[in-house]
1. How big is the B-A contact in terms of buried accessible area, both chains counted, 1.4 Å probe, rounded to the nearest 100 Å²?
2. Hey, with R₀ at 25 Å, roughly what FRET efficiency would A:L54 and A:Q22 work out to, going by the Cβ-Cβ distance, to 0.05?
3. Return the long-range amide H neighbours of B:S27 (sequence gap of 5 or more, or a different chain), with a cut-off of under 5 Å between placed amide H atoms.
4. Kindly give the distances from A:A93 to its copy-mates, label point to label point, with each label point 7 Å from Cα along Cα→Cβ, as nm values to one decimal ordered shortest first.
5. Label points 7 Å out from Cα along the Cβ direction at B:K37 and B:T10: separation in nm?
6. Hey, for a label at B:E78 modelled as a point 7 Å past Cα toward Cβ, could you say which residues of region B:29-63 have their backbone N under 12 Å away?
7. Do me a favour and compute the ellipsoid semi-axes for region A:22-78 from its Cα gyration tensor, root of five times each eigenvalue, largest one first, whole Å.
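The values are calculated or read from the model by the stated rules, or taken from the named source; none is laboratory data. Given the structure is predicted, the values throughout are model-derived calculations rather than measurements. Cβ sites come from the backbone with ideal geometry, for glycine too, and all protein chains shown count toward neighbours. Note: areas computed on protein heavy atoms with side chains; ligands, DNA, RNA excluded. Shrake-Rupley method; radii C 1.70, N 1.55, O 1.52, S 1.80 Å.
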2 protein chains.
Amino acid sequence: MVRKKSTELTSAEQKVMQVLWQHGPCSVKTITAELNKQAALAYTTVQTLCRILLDKGHVQCEKQGKAFIYQAITVQQEARTQALTVLLKRFFAGSPTLLAQHLLEQPLPAELQQELQAQIDAQAKHAATTEKQER
Amino acid sequence: MVRKKSTELTSAEQKVMQVLWQHGPCSVKTITAELNKQAALAYTTVQTLCRILLDKGHVQCEKQGKAFIYQAITVQQEARTQALTVLLKRFFAGSPTLLAQHLLEQPLPAELQQELQAQIDAQAKHAATTEKQER
DNA sequence: TAACACCTACTAAAGAATTAGTTTTAAATC
DNA sequence: GATTTAAAACTAATTCTTTAGTAGGTGTTA
(Lines give C-alpha, C1' and ligand atoms only; values in the text may rest on other atoms or scores of the structure.)
Protein backbone atom coordinates (compact mmCIF):
# COMPACT_ATOMS: atom_id res chain seq x y z
CA MET A 1 0.00 0.00 0.00
CA VAL A 2 1.23 3.44 -0.89
CA ARG A 3 1.91 5.77 1.96
CA LYS A 4 0.76 9.31 1.43
CA LYS A 5 3.68 11.60 1.84
CA SER A 6 3.29 14.00 4.68
CA THR A 7 4.33 17.60 4.94
CA GLU A 8 4.28 17.42 8.70
CA LEU A 9 7.35 18.56 10.54
CA THR A 10 9.46 15.72 11.81
CA SER A 11 11.42 15.99 14.99
CA ALA A 12 14.68 17.02 13.37
CA GLU A 13 12.91 19.39 11.04
CA GLN A 14 11.14 21.02 13.93
CA LYS A 15 14.46 21.81 15.53
CA VAL A 16 15.58 23.65 12.43
CA MET A 17 12.32 25.53 12.23
CA GLN A 18 12.71 26.50 15.84
CA VAL A 19 15.99 28.19 15.02
CA LEU A 20 14.49 29.97 12.04
CA TRP A 21 11.55 31.16 14.08
CA GLN A 22 13.73 32.42 16.86
CA HIS A 23 16.50 33.96 14.80
CA GLY A 24 14.80 34.93 11.60
CA PRO A 25 16.46 34.17 8.25
CA CYS A 26 19.66 32.19 8.71
CA SER A 27 22.36 30.51 6.71
CA VAL A 28 23.03 26.80 7.13
CA LYS A 29 26.13 27.77 9.04
CA THR A 30 24.17 29.77 11.58
CA ILE A 31 21.55 27.09 11.98
CA THR A 32 24.25 24.48 12.49
CA ALA A 33 25.99 26.61 15.09
CA GLU A 34 22.71 27.17 16.87
CA LEU A 35 21.77 23.49 16.87
CA ASN A 36 25.22 22.50 18.03
CA LYS A 37 24.60 24.33 21.27
CA GLN A 38 22.41 21.37 22.12
CA ALA A 39 23.95 18.40 20.35
CA ALA A 40 26.56 17.87 17.66
CA LEU A 41 25.15 17.74 14.16
CA ALA A 42 27.12 17.87 10.94
CA TYR A 43 26.85 20.87 8.65
CA THR A 44 25.74 18.67 5.77
CA THR A 45 23.05 17.11 7.93
CA VAL A 46 21.56 20.50 8.56
CA GLN A 47 21.85 21.22 4.87
CA THR A 48 19.87 18.09 4.08
CA LEU A 49 17.22 19.08 6.57
CA CYS A 50 16.98 22.49 4.93
CA ARG A 51 16.52 20.88 1.54
CA ILE A 52 13.74 18.67 2.90
CA LEU A 53 12.05 21.66 4.50
CA LEU A 54 12.32 23.40 1.15
CA ASP A 55 10.73 20.40 -0.57
CA LYS A 56 7.93 20.33 1.94
CA GLY A 57 7.39 24.03 1.51
CA HIS A 58 8.12 25.08 5.05
CA VAL A 59 11.00 27.38 4.18
CA GLN A 60 12.15 29.43 1.27
CA CYS A 61 15.71 30.38 0.46
CA GLU A 62 17.59 33.02 -1.38
CA LYS A 63 21.22 33.29 -2.33
CA GLN A 64 23.00 35.99 -0.47
CA GLY A 65 26.63 36.19 -1.39
CA LYS A 66 27.98 32.64 -1.29
CA ALA A 67 25.42 31.06 0.93
CA PHE A 68 21.71 30.48 0.86
CA ILE A 69 19.72 32.20 3.50
CA TYR A 70 16.77 30.15 4.67
CA GLN A 71 13.63 31.69 5.96
CA ALA A 72 10.57 30.12 7.55
CA ILE A 73 7.41 30.30 5.49
CA THR A 74 5.30 28.30 7.90
CA VAL A 75 4.67 30.62 10.78
CA GLN A 76 5.22 29.41 14.27
CA GLN A 77 1.67 30.21 15.24
CA GLU A 78 0.32 27.82 12.63
CA ALA A 79 2.77 25.11 13.48
CA ARG A 80 1.76 25.41 17.10
CA THR A 81 -1.89 25.19 16.30
CA GLN A 82 -1.32 22.24 14.02
CA ALA A 83 0.77 20.44 16.59
CA LEU A 84 -1.80 21.05 19.26
CA THR A 85 -4.55 19.80 17.02
CA VAL A 86 -2.65 16.59 16.34
CA LEU A 87 -1.98 16.16 20.03
CA LEU A 88 -5.62 16.68 20.77
CA LYS A 89 -6.64 14.05 18.25
CA ARG A 90 -4.09 11.48 19.28
CA PHE A 91 -4.06 11.72 23.02
CA PHE A 92 -7.25 13.42 24.00
CA ALA A 93 -9.65 11.68 21.65
CA GLY A 94 -10.08 15.01 19.90
CA SER A 95 -11.76 16.45 22.94
CA PRO A 96 -10.64 19.91 24.03
CA THR A 97 -12.45 19.30 27.28
CA LEU A 98 -10.13 16.44 28.09
CA LEU A 99 -7.09 18.55 27.32
CA ALA A 100 -8.40 21.33 29.48
CA GLN A 101 -9.05 18.92 32.30
CA HIS A 102 -5.67 17.38 31.94
CA LEU A 103 -3.99 20.75 31.95
CA LEU A 104 -5.68 21.82 35.11
CA GLU A 105 -5.98 18.62 37.07
CA GLN A 106 -2.72 16.95 36.27
CA PRO A 107 0.51 17.68 38.08
CA LEU A 108 1.79 18.46 34.63
CA PRO A 109 5.09 20.23 33.90
CA ALA A 110 4.31 21.70 37.32
CA GLU A 111 4.81 25.35 36.49
CA LEU A 112 2.33 25.11 33.66
CA GLN A 113 -0.61 25.04 35.99
CA GLN A 114 0.53 28.15 37.79
CA GLU A 115 1.33 29.88 34.55
CA LEU A 116 -2.03 28.96 33.17
CA GLN A 117 -3.71 30.29 36.24
CA ALA A 118 -1.71 33.49 36.06
CA GLN A 119 -2.65 33.92 32.41
CA ILE A 120 -6.23 33.29 33.28
CA ASP A 121 -6.18 35.83 36.09
CA ALA A 122 -4.64 38.44 33.86
CA GLN A 123 -7.17 37.67 31.21
CA ALA A 124 -10.04 37.87 33.69
CA LYS A 125 -8.76 41.17 35.03
CA HIS A 126 -8.48 42.55 31.53
CA ALA A 127 -11.96 41.33 30.69
CA ALA A 128 -13.36 42.95 33.81
CA THR A 129 -11.67 46.26 33.03
CA THR A 130 -12.89 46.18 29.47
CA GLU A 131 -16.37 45.43 30.66
CA LYS A 132 -16.36 48.40 33.00
CA GLN A 133 -15.11 50.72 30.30
CA GLU A 134 -17.80 49.52 27.95
CA ARG A 135 -20.58 50.52 30.27
CA MET B 1 26.07 7.73 13.24
CA VAL B 2 23.94 5.41 15.33
CA ARG B 3 20.48 6.54 16.10
CA LYS B 4 19.28 5.86 19.59
CA LYS B 5 16.16 3.75 19.40
CA SER B 6 13.15 5.46 20.81
CA THR B 7 10.32 4.05 22.85
CA GLU B 8 8.09 6.94 21.91
CA LEU B 9 4.71 6.15 20.49
CA THR B 10 4.56 6.65 16.76
CA SER B 11 1.44 7.75 15.01
CA ALA B 12 0.21 4.26 14.10
CA GLU B 13 1.14 2.93 17.51
CA GLN B 14 -0.78 5.70 19.18
CA LYS B 15 -3.89 4.65 17.35
CA VAL B 16 -3.60 1.14 18.72
CA MET B 17 -2.98 2.44 22.21
CA GLN B 18 -6.02 4.64 21.89
CA VAL B 19 -8.15 1.55 21.30
CA LEU B 20 -6.60 -0.26 24.24
CA TRP B 21 -7.13 2.72 26.49
CA GLN B 22 -10.73 3.11 25.46
CA HIS B 23 -11.73 -0.55 25.34
CA GLY B 24 -9.44 -2.18 27.83
CA PRO B 25 -7.71 -5.47 26.98
CA CYS B 26 -8.38 -6.52 23.39
CA SER B 27 -7.43 -9.16 20.90
CA VAL B 28 -5.79 -8.22 17.61
CA LYS B 29 -9.10 -8.98 15.96
CA THR B 30 -10.95 -6.48 18.11
CA ILE B 31 -8.31 -3.81 17.66
CA THR B 32 -8.38 -4.32 13.92
CA ALA B 33 -12.16 -4.06 13.84
CA GLU B 34 -12.02 -0.91 15.91
CA LEU B 35 -9.35 0.71 13.76
CA ASN B 36 -11.19 -0.24 10.60
CA LYS B 37 -14.02 2.02 11.62
CA GLN B 38 -11.71 4.82 10.60
CA ALA B 39 -9.57 3.42 7.80
CA ALA B 40 -8.83 -0.01 6.39
CA LEU B 41 -5.85 -1.72 7.95
CA ALA B 42 -4.86 -5.37 7.54
CA TYR B 43 -5.04 -7.74 10.47
CA THR B 44 -1.37 -8.55 10.12
CA THR B 45 -0.51 -4.88 10.16
CA VAL B 46 -2.19 -4.50 13.50
CA GLN B 47 -0.43 -7.62 14.66
CA THR B 48 2.89 -6.08 13.72
CA LEU B 49 2.02 -2.92 15.57
CA CYS B 50 1.15 -4.96 18.65
CA ARG B 51 4.49 -6.73 18.48
CA ILE B 52 6.28 -3.41 18.27
CA LEU B 53 4.33 -2.05 21.21
CA LEU B 54 5.27 -5.18 23.09
CA ASP B 55 8.94 -4.66 22.22
CA LYS B 56 8.76 -1.08 23.34
CA GLY B 57 7.08 -2.12 26.56
CA HIS B 58 3.87 -0.21 26.10
CA VAL B 59 1.63 -3.27 26.23
CA GLN B 60 1.67 -6.71 27.71
CA CYS B 61 -0.14 -9.73 26.41
CA GLU B 62 -1.49 -12.97 27.63
CA LYS B 63 -2.84 -15.96 25.75
CA GLN B 64 -6.52 -16.45 26.20
CA GLY B 65 -7.79 -19.42 24.29
CA LYS B 66 -6.30 -19.18 20.83
CA ALA B 67 -5.55 -15.50 20.70
CA PHE B 68 -3.39 -13.11 22.62
CA ILE B 69 -5.13 -10.42 24.55
CA TYR B 70 -3.19 -7.19 24.58
CA GLN B 71 -3.38 -4.74 27.41
CA ALA B 72 -1.94 -1.27 27.77
CA ILE B 73 0.82 -0.92 30.32
CA THR B 74 1.56 2.69 29.60
CA VAL B 75 -1.31 4.60 31.10
CA GLN B 76 -3.01 7.22 29.06
CA GLN B 77 -2.32 9.87 31.65
CA GLU B 78 1.42 9.38 31.30
CA ALA B 79 1.30 9.28 27.53
CA ARG B 80 -0.61 12.53 27.61
CA THR B 81 1.87 14.17 29.89
CA GLN B 82 4.77 12.95 27.82
CA ALA B 83 3.19 14.12 24.60
CA LEU B 84 2.47 17.50 26.08
CA THR B 85 6.00 17.81 27.33
CA VAL B 86 7.38 17.05 23.89
CA LEU B 87 5.01 19.54 22.34
CA LEU B 88 6.08 22.12 24.85
CA LYS B 89 9.73 21.56 24.04
CA ARG B 90 9.35 21.55 20.30
CA PHE B 91 6.85 24.26 19.65
CA PHE B 92 6.84 26.42 22.69
CA ALA B 93 10.55 26.58 23.38
CA GLY B 94 9.88 24.58 26.53
CA SER B 95 8.01 27.49 28.00
CA PRO B 96 4.71 26.71 29.68
CA THR B 97 3.99 30.41 29.65
CA LEU B 98 3.99 30.41 25.87
CA LEU B 99 1.66 27.44 25.74
CA ALA B 100 -0.65 29.11 28.19
CA GLN B 101 -0.60 32.30 26.16
CA HIS B 102 -1.23 30.42 22.97
CA LEU B 103 -4.10 28.51 24.49
CA LEU B 104 -5.79 31.62 25.72
CA GLU B 105 -4.96 34.14 23.05
CA GLN B 106 -5.13 32.08 19.93
CA PRO B 107 -8.36 31.29 18.14
CA LEU B 108 -7.33 27.70 18.65
CA PRO B 109 -9.60 24.70 18.09
CA ALA B 110 -12.18 27.32 19.01
CA GLU B 111 -14.07 25.37 21.63
CA LEU B 112 -10.91 24.78 23.57
CA GLN B 113 -10.81 28.31 24.82
CA GLN B 114 -14.33 28.14 26.12
CA GLU B 115 -13.75 24.75 27.64
CA LEU B 116 -10.60 25.98 29.27
CA GLN B 117 -12.41 28.93 30.69
CA ALA B 118 -15.21 26.72 31.94
CA GLN B 119 -12.70 24.40 33.58
CA ILE B 120 -11.02 27.38 35.13
CA ASP B 121 -14.25 28.73 36.49
CA ALA B 122 -15.20 25.40 37.98
CA GLN B 123 -11.74 25.10 39.48
CA ALA B 124 -11.93 28.61 40.92
CA LYS B 125 -15.32 27.92 42.43
CA HIS B 126 -14.07 24.72 43.96
CA ALA B 127 -11.01 26.44 45.31
CA ALA B 128 -13.12 29.16 46.87
CA THR B 129 -15.38 26.64 48.52
CA THR B 130 -12.47 24.65 49.84
CA GLU B 131 -10.87 27.79 51.16
CA LYS B 132 -14.00 28.74 53.06
CA GLN B 133 -14.27 25.31 54.57
CA GLU B 134 -10.69 25.44 55.69
CA ARG B 135 -11.21 28.58 57.70
C1' DT C 1 46.88 32.80 -10.53
C1' DA C 2 47.26 29.25 -7.21
C1' DA C 3 45.82 27.90 -2.74
C1' DC C 4 42.47 27.96 0.51
C1' DA C 5 38.11 28.35 2.60
C1' DC C 6 33.45 27.88 2.28
C1' DC C 7 29.42 26.43 0.35
C1' DT C 8 26.22 23.61 -2.48
C1' DA C 9 24.94 19.39 -4.83
C1' DC C 10 25.03 14.79 -4.98
C1' DT C 11 25.30 10.40 -2.88
C1' DA C 12 24.63 7.09 0.62
C1' DA C 13 23.56 4.16 4.27
C1' DA C 14 21.29 2.44 8.17
C1' DG C 15 17.53 2.47 11.23
C1' DA C 16 12.46 3.35 11.85
C1' DA C 17 7.74 3.24 10.32
C1' DT C 18 4.05 1.51 7.73
C1' DT C 19 1.83 -1.85 5.42
C1' DA C 20 0.77 -6.48 4.39
C1' DG C 21 1.69 -11.23 2.33
C1' DT C 22 3.03 -16.17 3.33
C1' DT C 23 3.85 -19.95 6.31
C1' DT C 24 3.15 -22.40 10.38
C1' DT C 25 0.72 -23.82 14.39
C1' DA C 26 -2.90 -25.05 17.19
C1' DA C 27 -7.68 -25.42 18.29
C1' DA C 28 -12.20 -26.88 17.01
C1' DT C 29 -15.36 -29.53 14.58
C1' DC C 30 -17.06 -33.18 11.73
C1' DG D 1 -8.26 -38.76 13.30
C1' DA D 2 -8.72 -35.59 9.29
C1' DT D 3 -10.13 -31.21 7.90
C1' DT D 4 -11.06 -26.64 8.53
C1' DT D 5 -10.05 -22.33 10.48
C1' DA D 6 -8.20 -18.69 13.06
C1' DA D 7 -4.40 -16.86 14.97
C1' DA D 8 0.59 -16.32 15.51
C1' DA D 9 5.10 -16.13 13.51
C1' DC D 10 7.90 -14.99 10.03
C1' DT D 11 9.13 -12.39 6.06
C1' DA D 12 9.21 -8.48 3.10
C1' DA D 13 8.95 -4.25 0.57
C1' DT D 14 8.54 0.60 0.37
C1' DT D 15 9.02 4.96 2.21
C1' DC D 16 10.61 8.10 5.81
C1' DT D 17 14.01 9.83 8.88
C1' DT D 18 18.38 10.84 10.45
C1' DT D 19 22.88 11.29 9.71
C1' DA D 20 26.85 12.41 7.14
C1' DG D 21 30.56 11.86 3.50
C1' DT D 22 32.51 13.31 -1.01
C1' DA D 23 32.93 15.93 -5.13
C1' DG D 24 32.84 20.09 -7.27
C1' DG D 25 32.19 25.12 -7.79
C1' DT D 26 33.23 29.91 -6.48
C1' DG D 27 34.97 33.71 -4.19
C1' DT D 28 38.95 35.62 -1.56
C1' DT D 29 43.55 36.43 -0.71
C1' DA D 30 48.45 35.84 -0.68
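1. Approximately 3900 Å², summed over both chains.
2. On the way: r = 19 Å, r/R0 = 0.77.
About 0.85, to the nearest 0.05.
3. Distant-sequence amide H within range of B:S27: B:Y70.
4. 3.6
5. 2.5 nm
6. Inside the label zone: B:57-60.
7. Values: eigenvalues 58, 39, 26 Å².
Sorted largest first and rounded, they come to 17, 14, 11 Å.
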